[in-house]
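Structure record follows, encoded as structure tokens.
The values are calculated or read from the model by the stated rules, or taken from the named source; none is laboratory data. What you are looking at is a predicted structure, and each value in this text was computed from that prediction instead of being measured. Cβ: placed from backbone, ideal geometry, glycine included. Neighbour counts: every protein chain shown.
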Amino acid sequence: MAGEPVSVVEVTDLAVGGMTCAACVKRVEKKLARLDGVTASVNLATGRARVHHPSEVLPEQLVATVEQAGYTAALPEPPEARRREDGDDEDTDTGQERHRLTVTVLLAVPVLVLSMVPAWQFRNWQWLCFVLAAPVVVWGAWPFHQRAARALRHSTSTMDTLVSLGVVASFAWSSYALFLGGAGAPGMRMPFSLVPTASDGVAHIYLEAAVGVPLFVLAGRYLEANARRGTGAALRSLAELAAKEVAVRDDTGERRIAIEDLWAGQIFVVRPGERVATDGTVVEGSSAVDLSLVTGESEPAEVAPGTAVIGGSVNVGGLLAVRATAVGADTRLARITHLVTEAQAGKARAQRLADKVAGVFVPVVLTLAATVLGFWLGAGADPQAAITASVAVLVVACPCALGLATPTALMAATGRGAQLGVLISGPQALEGLQHIDAVVLDKTGTLTSGHMSVARVTAAPGGIGEERAIRLAGAVEQGSEHPLGQAVTAHARRTAPDGTLPDVTGFAALPGRGVRGNVDGRLVEVLAPDDELPAPLDKALSAAETAAHTPVVVRVDGVTEALVEIGDVLRPGSYRAVDRLRRLGVRPVLATGDREAPARAVATALRIDDVRARCAPEDKARLVRELREEGYRVAVVGDGVNDAAALAGADLGIAMGTGTDVAIGAADVTLVRGDIDALADAVRLSRSTLATIRVNLLWAFGYNVVTVPLAMVGLLNPMLAAAAMSVSSLLVVGNSLRLRAWRPSPARSRPSASPARGRSLR
């Protein structure tokens with residue numbers, strides 16, 4: 001109705017603590033959804049909740065609602081404080097988890113060995129086991145007891161409930177057996193049998209179950225936590241890329257201010273080697289600006305008064321004065337940060353199959369244990385037999401193998417992948433690798449080396465020769481700060497016999513043309529080519545333009561002696577990598593911020609039909625969305641800030657290890673050795689790993705399906721249940737460790753050129 005206030009929808013991010021599985025995620029989301037007009041998306045991996053709520057629902061109410069569900073919640077801190085505290089918390093949590101697991105291993109292993117190997121049981125061994133087991137049950141398993149109690153206060157149950165009950169029940173019965181049931185007598189031996197045996201008046205002890213359960217579950221969760229470590233690195237890296245201070249120029253002179261105090265219209269100064277503080281327009285000076293981190297363009301752009309520059313790019317030439325045109329959230333870098341944040345917020349998916357079934361698995365097992373106890377007591381059975389059967393159900397159903405199925409396979413696969421130059425972030429990345437059928441490839445730094453270098457030198461016939469020409473050109477370019485000149489100098493030093501170049505005198509930069517100077521008493525000029533070139537050099541110039549290289553000519557005492565082609569060259573193995581991806585059924589798409597000519601040249605060399613040039617970060621992210629809407633499962637391979645949004649928004653993000661921290665942080669897979677040929681190996685490794693995980697989970701579920709009924713009918717005592725649980729876990733670990741011997745396909749030579757190479761493979 002007219003006159004009624006319109007509710008404004010706001011977005012609040014909450015840091016949620018205490019979540020351990022998908023059941024926790026669902027509980028938090030449902031609890032928040034009970035508030036009018038509130039919807040929430042909770043990310044288990046990052047421990048963050050993105051909440052959309054009406055303006056009348058205050059953030060404090062959201063925090064209180066999460067706390068009512070049994071979890072901790074806090075509003076976001078300022079970026080600097082959050083980065084600092086997150087790092088401190090991460091180090092503290094890791095240290096505590098490692099310490100708890102280490103102490104538990106040292107105490108639990110002797111108990112397991114003595115309890116399950118009767119030949120090693122000495123006089124009063126059971127009391128030693130009791131002393132060793134007590135701190136494991138109380139302190140080692142304390143996180144499970146704490147979370148189980150919290151869940152109980154909120155009338156719910158989780159996998160922690162099952163773990164806690166299994167530990168407490170096993171230890172409580174063992175304590176009764178030792179102090180009241182005759183099991184504490186000196187010289188007592190615990191026999192090992194496949195079926196329950198008569199107690200002969202002496203109750204059995206099950207300390208191996210009391211220590212084995214927390215040991216295996218702690219190990220599984222520690223491995224999983226390590227696989228997820230480092231979440232949020234992309235956003236931290238983006239924040240670090242932005243300038244913190246800027247030198248502004250006004251009527252009073254030049255002064256430095258915080259970037260937050262800069263406003264649109266102010267003029268700021270960018271010195272050589274500094275980052276451009278924000279988006280703006282050059283008003284004074286000329287230089288070359290490296291845009292590769294922001295736009296992915298390999299060739300530095302020449303800027304002059306009136307040229308637009310982008311915040312985050314690097315000034316590699318002269319002094320610039322820039323008028324700010326956008327500040328804060330309106331800058332290109334800020335928009336990229338927003339895209340990464342949005343993409344990561346949409347990735348709230350369960351990491352393990354065990355978490356998905358936890359909501360059903362735990363209540364069912366608890367119900368079965370209580371039913372078995374009541375049935376046996378109601379049937380007039382001996383109380384020890386009834387308690388034994390009930391405890392066996394709890395112990396045998398404890399999801400140790402379920403908890404280890406994914407982390408152990410992941411650990412083995414990631415270790416082997418690291419040896420092959422591939423870093424895989426977790427099981428979701430492995431599954432993504434298995435199913436991708438389209439890959440968006442960046443050009444600069446991914447398919448190419450990512451830096452300017454001399455591609456070819458052509459000497460004029462009858463002149464001083466290629467070696468002498470490049471030596472003189474490299475010598476005169478020593479005085480230049482331009483990336484093209486630095487590439488010539490670096491190449492000349494590499495090809496010089498002693499690695500040194502002669503000195504240059506009378507150096508002068510010719511704006512827009514090149515440089516000149518005196519070397520060994522001769523006037524040497526390195527200039528942009530004109531129309532008057534000898535025939536061989538004229539052909540080389542045409543070839544350079546076709547290959548999208550930047551040509552310069554070397555003139556000595558006014559005579560043209562050579563043409564030097566400078567450009568970004570293909571990485572070794574790029575052709576083979578793209579070819580192998582096609583053979584795996586993956587469609588390659590080239591998307592780059594570079595110009596059309598170099599993009600087409602690279603695509604032609606690699607036989608890639610789908611080419612998108614001049615792609616801004618927003619364009620790459622849009623391309624990923626379009627491909628996904630067409631039904632493709634998309635991977636993105638990139639190395640720069642300009643790739644971060646696309647990497648985070650794809651089904652799978654793959655970063656080059658030689659690229660920026662932002663790209664690596666936003667990616668699910670990192671190719672450490674900087675060779676995309678490793679991508680095909682990663683796809684094959686993922687398929688082997690996912691097959692191993694499926695076998696592990698099949699065994700873990702099948703084991704429960706078989707052993708739980710046996711425990712219910714009294715054919716499985718808790719000691720055998722603990723043994724079965726241990727064997728189940730060992731089988732899962734052993735199956736996973738087979739991945740350490742996995743080998744990639746042998747290298748093949750590059751296919752020879754043939755008419756078939758021109759045909760489309762799409």
Inside the range 601-612, can you point out the residues that are without any contact (Cβ under 8 Å) to a residue 60 or more places away in the chain and touching a strand residue (DSSP E or B) at 6+ places or on another chain (Cβ under 8 Å)? A603, A605, V611, R612
Say whether the condition of being surrounded by fewer than 19 Cβ atoms within 10 Å (Cβ to Cβ) and either in contact with a strand residue (DSSP E or B) (Cβ under 8 Å, 6 or more places away or on another chain) or closer than 25 Å to A535 by Cα (or both) is met by at least one residue in the range 582-592. yes
Contacts under 7 angstrom Cβ, first residue in the range 510-538 being in the same structural domain as S480 (by TED's automatic domain parsing), partner among the basic types (K, R) and in a strand (DSSP E or B), 6 or more apart: L510/R516; L523/R516; V524/R516; E525/R516; E525/R555; L527/R555
So for the range 35-57 (the condition being modelled with pLDDT of 90 or more and closer than 22 Å to R147 by Cα), does at least one residue qualify? no
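Would you mind stating whether G567 is crowded, with 20+ Cβ neighbours inside 10 Å and within 21 Å of T448 (Cα to Cα)? Lay out the reasoning, then the answer.
Working: crowded, with 20+ Cβ neighbours inside 10 Å: yes; within 21 Å of T448 (Cα to Cα): yes.
Criteria met by G567.
Taking the range 351-376 on its own, how many of its residues are at pLDDT below 85 and more than 30 Å from V25 (Cβ to Cβ)? Before the answer, list the steps.
Here is the first cut: in the range 351-376, the ones at pLDDT below 85 are 351-366.
Of the ones still in play, those that are also more than 30 Å from V25 (Cβ to Cβ) are none.
Going through the range 351-376 one residue at a time, the tally reaches 0.
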The conditions are (1) within 22 Å of the chain's Cα centre (by Cα); (2) part of a strand (DSSP E or B), and A621 fails exactly one of them. Which is it? (2)
Report those strands (runs of 3 or more DSSP E) wholly inside the range 427-512 carrying at least 2 residues which are buried (at least 19 other Cβ atoms within 10 Å of the Cβ). 438-441, 453-459
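How about the range 80-122: which of its residues are within 16 Å of H204 (Cα to Cα) and either at pLDDT 85 or above or among the aromatic types (F, W, Y) (or both)? Explain how you work it out, then say what you get.
So the first thing to find is which residues in the range 80-122 are within 16 Å of H204 (Cα to Cα), and the list is 111-112, 114-118, 121.
Within the range 80-122, V111, L112, L114, Q121 qualify.
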May I ask you to list the residues in the range 257-316 that are hydrophobic (A, V, I, L, M, F, W, C), at pLDDT 85 or above, buried (at least 23 other Cβ atoms within 10 Å of the Cβ) and touching a helix residue (DSSP H, G or I) at 6+ places or on another chain (Cβ under 9 Å)? A277
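Does the range 160-174 contain any residue that is of a type in the set (A, V, I, L, M, F, W, C), closer than 27 Å to P383 by Cα and at pLDDT below 75? Give the derivation first.
Step one: list which residues in the range 160-174 are of a type in the set (A, V, I, L, M, F, W, C), which gives 162-163, 165, 167-169, 171-173.
With the extra rule that they be closer than 27 Å to P383 by Cα, the set shrinks to 162-163, 165, 167-169, 171-173.
Narrowing further to those that are at pLDDT below 75: 162.
Yes, there is a match, as at least one residue in the range 160-174 is of a type in the set (A, V, I, L, M, F, W, C), closer than 27 Å to P383 by Cα and at pLDDT below 75.
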All but one of (1) within 21 Å of A455 (Cβ to Cβ); (2) aliphatic (A, V, I, L, M); (3) at pLDDT 85 or above hold for V589; state the number of the condition that does not hold. (1)
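Of W139, W120, which residue is free of Cβ contacts under 8 Å to residues at least 60 places away in the same chain and in contact with a Lys or Arg (Cβ under 9 Å, 6 or more places away or on another chain)?
Working: W120 fails: in contact with a Lys or Arg (Cβ under 9 Å, 6 or more places away or on another chain).
Step by step, each of W139, W120 is checked, and only W139 is free of Cβ contacts under 8 Å to residues at least 60 places away in the same chain and in contact with a Lys or Arg (Cβ under 9 Å, 6 or more places away or on another chain).
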Answer residue from the range 147-159, given it is surrounded by fewer than 20 Cβ atoms within 10 Å (Cβ to Cβ) and either among the hydrophobic types (A, V, I, L, M, F, W, C) or modelled with pLDDT of 90 or more (or both) and is nearest to K30 (Cα to Cα) among those: L152
